[in-house]
Amino acid sequence: MTPESDFSFLGLFLQAHPVVKFVMIGLILASIWCWSIVIEKTIAFRRAKKQTDEFERVFWSGQSLDELYLAMPQKPTSAMAALFQAAMREWRRSIDGTAKPLPGVQMRIERVMEVTITREMERLEARLLFLATVGAVAPFIGLFGTVWGIMTAFQGIATSKNTNLAVVAPGIAEALFATALGLLAAIPAVIFYNAFQQSASRLAQRLEGFADEFSAIVSRQLDLKT
């Protein structure tokens, strides 16, 4: 390191020890991947909320459940629509061609809805674990780069036998830059992970509430048929 060392971000990266460079590159790539997940999930959760609102409006508009089911596409994009479709498919299998519904129909419908809710939530929550992982480990990875960089800087002092601040400053700056990159990756990851988990929890509650309401509708229909 020399007093003329470049203190720009690019300069700090280029002058860093190879191990510190490896840490910096890893943190930068993790940060980029985190932001791609954030953008994807922001769009996905907004779309899920909008589609759920629209389906609930149609469902409670008074339209026949059979008509609504037949009008749906084969693969609905809405989680609540997929839940309704799975429940209606099991209901129709249990009553079509029989004078009375098959025994245990309500239990089967409830089980189908539970499985559908789990599957839809897993789809929405996919890759959120990466945000949690980055939020937890990125500061420590950055700290590792910092420790290594400072250790290298002090080794340079010992070799040159010069304790001038101008000699040690570039090495310390490079080391602290690794910590900054770790925090830059971790802070947004933690914030958005918590926000997405809250959104997922609210959607799961709405799906479970709809499942309970549909189960009550099935119960009334079964009472009328017996």
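Of the residues that sit in the stretch 203-226 and are closer than 15 Å to Met107 by Cα and of a type in the set (S, T, N, Q), which one is most open to solvent (accessible area, probe 1.4 Å)?
The extreme case among them is Gln221.
Kindly establish whether Ile150 is open to solvent by 30 Å² or more (accessible area, probe 1.4 Å) and modelled with pLDDT of 90 or more.
Values: open to solvent by 30 Å² or more (accessible area, probe 1.4 Å): yes; modelled with pLDDT of 90 or more: no.
Taking the combined requirement at face value, the residue does not satisfy it.
Under 8 Å by Cβ, and 6 or more places apart or on different chains, what pairs join a residue from the stretch 183-201 that is polar (S, T, N, Q) with one that is open to solvent by less than 60 Å² (accessible area, probe 1.4 Å)?
As it stands, the answer is Gln197/Leu128; Ser199/Phe45, since those pairs meet every condition given.
Residue-wise test of (1) at pLDDT 95 or above; (2) open to solvent by 60 Å² or more (accessible area, probe 1.4 Å); (3) over 28 Å from Ala48 (Cβ atoms).
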{"position": "Ile141", "(1), (2), (3)": "no, yes, yes"}
{"position": "Ile157", "(1), (2), (3)": "no, no, yes"}
{"position": "Ala175", "(1), (2), (3)": "no, no, yes"}
{"position": "Leu181", "(1), (2), (3)": "no, no, yes"}
{"position": "Gln197", "(1), (2), (3)": "yes, yes, no"}
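Among all residue pairs at least 6 apart or on different chains, which show Cβ distances below 7 Å where the first residue, located in the stretch 124-152, is within 17 Å of Trp35 (Cβ to Cβ) and among the basic types (Lys, Arg) and the second is at pLDDT 95 or above and open to solvent by less than 40 Å² (accessible area, probe 1.4 Å)?
Correct list of pairs: Arg127/Ile37.
What helices (runs of 4 or more DSSP H) lie completely within the stretch 1-97 and have 3 or more residues being open to solvent by 60 Å² or more (accessible area, probe 1.4 Å), at pLDDT 85 or above and of a type in the set (Asp, Glu)? Step through it out loud before you land on a result.
On the way: elements: 9-15, 18-59, 65-71, 79-95.
In the stretch 1-97, the matching helices (runs of 4 or more DSSP H) lie at 18-59.
The values are calculated or read from the model by the stated rules, or taken from the named source; none is laboratory data. Predicted, not measured: the structure shown is a model, and the values here were computed from it. Quick reminder, even Gly has a Cβ in these numbers, built from the backbone with ideal geometry, and neighbours come from all protein chains shown. Protein only, heavy atoms only, side chains kept; ligands, DNA and RNA dropped before computing areas. Shrake-Rupley method; radii C 1.70, N 1.55, O 1.52, S 1.80 Å.
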